[in-house]
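Asker: There's a structure below that I have some questions on.
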C-alpha cells in the first residue's frame, strides 16, 4: 500500500470487488489519482502536496499489483473490469464532478472509465499511458508470460531489493529519468507481491486479461466524453509514443495536448511541479 504521509490519512472502503485502500488530503474540488501497474498511490507523493492546499486529493491504491489487500474471489480484472472497480470506488465515496488523473496503465483504465462510467466525472487528465494497440508496451511484454506462474512475482519482489535491478529497462528504469526512491520501490510498490499470495493472484489475473482490443475500444469511446480534458505527455517517454498522446487529445471533444519537459512516463516522479500546475489549470 501507499506509505507516504504526504498523501494524507490512510483509509479503506468496501466495493463489490473487495476492500480498497486510499489516502486523502486537502479540501476543495476533488482529484482522484489512478496509477498504473506494479506501483500504488505513492506515485503521486510529490504531486499531492502541491495541490492539497486548494483541492481534495484522493490517491487510490488500484488493485494492479502495488496494493496490499487482495480482492475477494475472482473479480473481472480486464481493463474495463478495473474501470468498473474505480467507478464503484467513486460511488462508495459518493463523489461527483471528479477530476480523474491517470498515468501508465491507470491512464488506460481512466480512458475505459470515462467511456463506460462517466456519470461522476467532470474532467479528465491523462498523462503518458497505454493506448491503442500499445498494451502492454514492448519493454514489459514479458509480464503476461510471467503471470502464468504467479508465484514468480514473489521472487521478483525480493530480487528488486537490489538497486541496479530497479534501474533495468524491463523493471522501473525507463519509467523515470532519475532513480526512484528505492525505499518506495521495495517497501511500498513491491511489498504486496512479496508478502501476499492474493495480491500476486490479482496481479497475474490482470496481466492475463490484458487485451489490445480493450485499449482500442477505450480510445474510441473517448469521443463520447464531451467534458474538459487534458493530455499531458512526457517529452522523453520511452514506453508510449508522443503521437499517441496527440491522437488521444484529438479524440476527446474538449481535449488539449501539453508536453511536459524533463520527464519520462512517471511524470509525477520527474516533474511534479509542472504536472501539478497543469492539473490545477495553470
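Asker: Of all residues in segment 248-273, which are more than 14 Å from residue 126 (Cα to Cα), surrounded by fewer than 20 Cβ atoms within 10 Å (Cβ to Cβ) and either in contact with a strand residue (DSSP E or B) (Cβ under 7 Å, 6 or more places away or on another chain) or in contact (Cβ under 8 Å) with a residue 60 or more places away in the chain (or both)?
Answerer: Residues satisfying the conditions are 262, 273.
Asker: Got a number for residues in segment 108-129 being farther than 18 Å from residue 256 by Cα and buried (at least 24 other Cβ atoms within 10 Å of the Cβ)?
Answerer: Within segment 108-129, residues that are farther than 18 Å from residue 256 by Cα and buried (at least 24 other Cβ atoms within 10 Å of the Cβ) number 3.
Asker: Further question on the same structure: Could you count how many residues in segment 81-90 are farther than 18 Å from residue 39 by Cα, touching a strand residue (DSSP E or B) at 6+ places or on another chain (Cβ under 8 Å) and free of Cβ contacts under 8 Å to residues at least 60 places away in the same chain?
Answerer: Number of matching residues: 1.
Asker: Another one. Against the conditions (1) at pLDDT 95 or above; (2) surrounded by fewer than 24 Cβ atoms within 10 Å (Cβ to Cβ); (3) farther than 24 Å from residue 173 by Cβ, where does residue 82 fall short? Just the number, please.
Answerer: For residue 82, the exception is condition (2).
Asker: Here's something else I'd like to know. For residues in segment 10-62 being out of contact with any strand residue (DSSP E or B) (no Cβ under 7 Å at 6 or more places or on another chain) and in a strand (DSSP E or B), which is surrounded by the most Cβ atoms within 10 Å (Cβ to Cβ)?
Answerer: 15
Asker: Turning to a different aspect of this structure: How about segment 156-167: which of its residues are exposed (fewer than 14 other Cβ atoms within 10 Å of the Cβ) and touching a residue at least 12 places away in the same chain (Cβ under 8 Å)?
Answerer: Within segment 156-167, the subset exposed (fewer than 14 other Cβ atoms within 10 Å of the Cβ) is 158-159, 162-164.
Scanning segment 156-167 gives 158, 163.
Asker: Something else now. Within segment 181-218, restricting attention to residues that are outside any helix (DSSP H, G or I) and closer than 30 Å to residue 116 by Cβ, which residue is farthest from the chain's Cα centre (by Cα)?
Answerer: Only one residue fits best here, namely 196.
Asker: Taking residue 178 as meeting all but one of (1) surrounded by fewer than 19 Cβ atoms within 10 Å (Cβ to Cβ); (2) out of contact with any strand residue (DSSP E or B) (no Cβ under 7 Å at 6 or more places or on another chain); (3) modelled with pLDDT of 95 or more; (4) assigned to a loop (DSSP other than H, G, I, E, B), write down the number of the exception.
Answerer: All conditions are met except number (3).
Asker: Continuing with the same structure: It is to be established whether one or more residues within segment 223-243 are assigned to a helix (DSSP H, G or I), in contact with a strand residue (DSSP E or B) (Cβ under 7 Å, 6 or more places away or on another chain), modelled with pLDDT of 95 or more and surrounded by fewer than 20 Cβ atoms within 10 Å (Cβ to Cβ).
Answerer: Within segment 223-243, one or more residues are assigned to a helix (DSSP H, G or I), in contact with a strand residue (DSSP E or B) (Cβ under 7 Å, 6 or more places away or on another chain), modelled with pLDDT of 95 or more and surrounded by fewer than 20 Cβ atoms within 10 Å (Cβ to Cβ).
Asker: Would you please name the residue that is surrounded by the fewest Cβ atoms within 10 Å (Cβ to Cβ), looking only at residues in segment 86-107 that are under 13 Å from the mean Cα position of the chain (by Cα) and part of a helix (DSSP H, G or I)?
Answerer: 86
Asker: Just name the residue that is surrounded by the most Cβ atoms within 10 Å (Cβ to Cβ) out of those in segment 139-155 that are touching a helix residue (DSSP H, G or I) at 6+ places or on another chain (Cβ under 7 Å) and assigned to a helix (DSSP H, G or I).
Answerer: 153
Asker: While we're here: Any residue in segment 108-131 that is within 26 Å of residue 58 (Cβ to Cβ), part of a loop (DSSP other than H, G, I, E, B) and within 13 Å of the chain's Cα centre (by Cα)?
Answerer: Yes, there is a match, as at least one residue in segment 108-131 is within 26 Å of residue 58 (Cβ to Cβ), part of a loop (DSSP other than H, G, I, E, B) and within 13 Å of the chain's Cα centre (by Cα).
The values are calculated or read from the model by the stated rules, or taken from the named source; none is laboratory data. It should be emphasised that the depicted structure is a prediction, and the values quoted were computed from it without experimental measurement. Neighbour counts are summed over all protein chains in view; Cβ atoms, including those assigned to glycine, are modelled from backbone coordinates with ideal geometry.
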